[in-house]
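First up is the structure itself, then whatever we jot down about it.
The values are calculated or read from the model by the stated rules, or taken from the named source; none is laboratory data. From a predicted model like this one, the values you see are computed outputs, not experimental measurements. Cβ coordinates were reconstructed from backbone atoms using ideal geometry, including for glycine residues, and neighbour counts include every protein chain displayed. What goes into the accessible areas is simple: the full protein's heavy atoms, side chains included, and nothing from ligands, DNA or RNA. Shrake-Rupley method; radii C 1.70, N 1.55, O 1.52, S 1.80 Å.
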Amino acid sequence: MTAESTPEPGIPGEDGTNGPRHRAKGRRRKPRAKRKGLLVMAWTAAGIVVLGGTGAGYLYFKLNGNINSVDINQALGTERPDKVDNGSENILVLGSDTRSGSNRKLGGGTDDGSARSDTAMVVHLYEGRKKASVVSIPRDTLIDRPECTDTDGKTHAAASGVMFNSAYTTGGAACAVKTVESLTGIRMDHYLEVDFSGFQKLVDELGGVEVTTTEDISDPDSHLNLKAGTHRLNGEQALGLVRTRHGVGDGSDLGRIQLQQAFMKALINQVKDVDLFGNPKKLFDLADAATNALTTDSDLDSVQSLMSFANGLEGIDAKNMKMITMPVRYDPANPNRVIVAEQQAEQVWTALKNDEAIPKSATKGTATGEAKDVVSAD
């Protein structure tokens, strides 16, 4: 099964070939204010700008206290890719699917005391913050995971031929970042993590997200049952949609990524239409849910830092946020796993290092799922 990566092959650029198999080298304004940026960051910024600006000290500090953070820089030390000084930034965004606590009834599966990263995206913000590229990394990608030290100071041995999402399960945020940096050769400037229950609350506080499905989607494992047509998804339904892999297409992780990317576009479109400033209670509830949902790196662990970061994203919307899946091929030894299409993946990472458009050739002929166009924001 091969097709062009989804839903759009990066920001249009120059026109890769499949290389030999190698393991990856495992690292105010008005209601329609332009808060169109990254996922939860845009929602958070809208709330904290108002609350901070009105001198509502208690609310400001409450939001500040909601934010969890991890010191990625201290855990990883100096053995990291160099920071490229070209005005761009790279953020690793993870969706955490621990089965414990309030997430247990949402995610399905067994509470085995571990946490996983069902969703992983490298978000590249181009110089000037007018456009972005999002590269989804399939959780089922077989990689060589590097040795890493977690935020508790425990060192975890390297491992070969393991699934990408084992990095987070093994050593949490620090090991996930280390693995992505090793995989891409790109330094991650920031880290953002959203968990199951937080994601559901955010969508509910937003008032739901409208999507159109071109076929029925039914997946008891992710608690999702949608008929073909237009729906305003509540938080639980949205969570089911971005997690389903058996309810549509070929049941692959690549198909799930296609659904996730389509939902993100719908989400961004929804954000820009919300009257955040006409309803102070809704504004606070949304900001409260957003900050509770987030774990950040230590450079973004305050309301002020998040506000400054998110303000720089206001010019980015779904039309200039292009999304692809990291170039991969199905593993000949196991069709349920994928391996990195080395030469084409290198085109992606080289383009981002140079703050350039991802060439269309980077995703041509690479493996993909069968859920393209099943969900749209129209």
(request) Could you list, in sequence order, all residues of segment 144-161 that are of a type in the set (Ser, Thr, Tyr) and either open to solvent by less than 50 Å² (accessible area, probe 1.4 Å) or over 15 Å from Val70 (Cα atoms) (or both)? (result) Thr149, Thr155, Ser160
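Return the residues of segment 289-319 that are outside any helix (DSSP H, G or I) and in contact with a Ser or Thr (Cβ under 8 Å, 6 or more places away or on another chain); say none if nothing qualifies. Can you show your working first?
Initial filter on segment 289-319 (outside any helix (DSSP H, G or I)): 294-297, 301-302, 312-317.
Across segment 289-319, the qualifying residues are Leu294, Thr295, Thr296, Asp297, Asp301.
Can you tell me which residue in segment 77-111 is surrounded by the most Cβ atoms within 10 Å (Cβ to Cβ), limited to those that are of a type in the set (Lys, Arg) and at pLDDT below 55? Let's see the steps before the verdict.
Residues of segment 77-111 that are of a type in the set (Lys, Arg), as a first pass: 80, 83, 99, 104-105.
Restricting the remaining residues to those that are at pLDDT below 55 gives 99, 104-105.
On the way: Arg99: 19, Arg104: 15, Lys105: 12.
Ranking the qualifying residues of segment 77-111, first place goes to Arg99.
Count, please, the residues in segment 180-228 that happen to be hydroxyl-bearing (Ser, Thr, Tyr), open to solvent by 20 Å² or more (accessible area, probe 1.4 Å) and closer than 30 Å to Gln344 by Cβ. Can you show your working first?
Residues of segment 180-228 hydroxyl-bearing (Ser, Thr, Tyr): 182, 184, 191, 197, 212-214, 218, 222.
Then drop every residue that is not open to solvent by 20 Å² or more (accessible area, probe 1.4 Å), which leaves 182, 212, 214, 218.
After this cut, where a residue has to be closer than 30 Å to Gln344 by Cβ as well, the list is 182, 214.
Of the residues in segment 180-228, 2 are hydroxyl-bearing (Ser, Thr, Tyr), open to solvent by 20 Å² or more (accessible area, probe 1.4 Å) and closer than 30 Å to Gln344 by Cβ.
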(message) If I ask for residues that are under 21 Å from Glu346 (Cβ atoms) and open to solvent by 20 Å² or more (accessible area, probe 1.4 Å), which ones from segment 164-179 would you list?
(response) Lys178
(message) Quick check on segment 195-211. Is at least one of its residues modelled with pLDDT of 90 or more and of a type in the set (Ser, Thr, Tyr)?
(response) no
(request) State all residues of segment 325-354 that are open to solvent by less than 30 Å² (accessible area, probe 1.4 Å), closer than 24 Å to Tyr126 by Cα and of a type in the set (Asp, Glu); if no residue qualifies, say none. (result) none
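Please state which one of Thr169, Thr179, Thr151 is part of a loop (DSSP other than H, G, I, E, B) and over 22 Å from Leu259 (Cα atoms).
On the way: Thr169 fails: part of a loop (DSSP other than H, G, I, E, B); Thr179 fails: part of a loop (DSSP other than H, G, I, E, B).
Going through Thr169, Thr179, Thr151 in turn, the sole match is Thr151.
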(request) Tally the residues that are in a helix (DSSP H, G or I) and not aliphatic (A, V, I, L, M), restricting the search to segment 333-351. (result) 7
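Here are some residues: Lys364, Lys322. Which one is buried (at least 18 other Cβ atoms within 10 Å of the Cβ) and assigned to a strand (DSSP E or B)? Can you show your working first?
Details: Lys364 fails: assigned to a strand (DSSP E or B).
That would be Lys322, the only listed residue that is buried (at least 18 other Cβ atoms within 10 Å of the Cβ) and assigned to a strand (DSSP E or B).
Filter segment 183-199 down to the residues that are in contact with a strand residue (DSSP E or B) (Cβ under 8 Å, 6 or more places away or on another chain) and farther than 25 Å from Ile67 by Cα and list them by number. Lay out the reasoning, then the answer.
Residues of segment 183-199 in contact with a strand residue (DSSP E or B) (Cβ under 8 Å, 6 or more places away or on another chain): 183-184, 186-196, 198-199.
Across segment 183-199, the qualifying residues are Leu183, Thr184, Ile186.
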(message) Please determine whether any residue of segment 112-127 is at pLDDT below 95, touching a Leu at 6+ places or on another chain (Cβ under 6 Å), open to solvent by less than 20 Å² (accessible area, probe 1.4 Å) and assigned to a helix (DSSP H, G or I).
(response) no
(message) Within segment 198-211, does at least one residue satisfy the condition of being assigned to a helix (DSSP H, G or I), of a type in the set (Phe, Trp, Tyr) and touching a Gly at 6+ places or on another chain (Cβ under 8 Å)?
(response) yes
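Out of the residues in segment 290-300 that are closer than 16 Å to Phe196 by Cα and open to solvent by 10 Å² or more (accessible area, probe 1.4 Å), which is nearest to the chain's Cα centre (by Cα)?
Pass one, segment 290-300, residues closer than 16 Å to Phe196 by Cα: 290-296.
Okay, now just the ones that are also open to solvent by 10 Å² or more (accessible area, probe 1.4 Å), so 292, 295.
Values: Asn292: 17, Thr295: 13 Å.
The selected residue is Thr295.
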(message) Anything in segment 228-255 that is out of contact with any strand residue (DSSP E or B) (no Cβ under 7 Å at 6 or more places or on another chain) and over 17 Å from Lys372 (Cα atoms)? List them, or say none.
(response) Asn234, Gly235, Glu236, Leu239
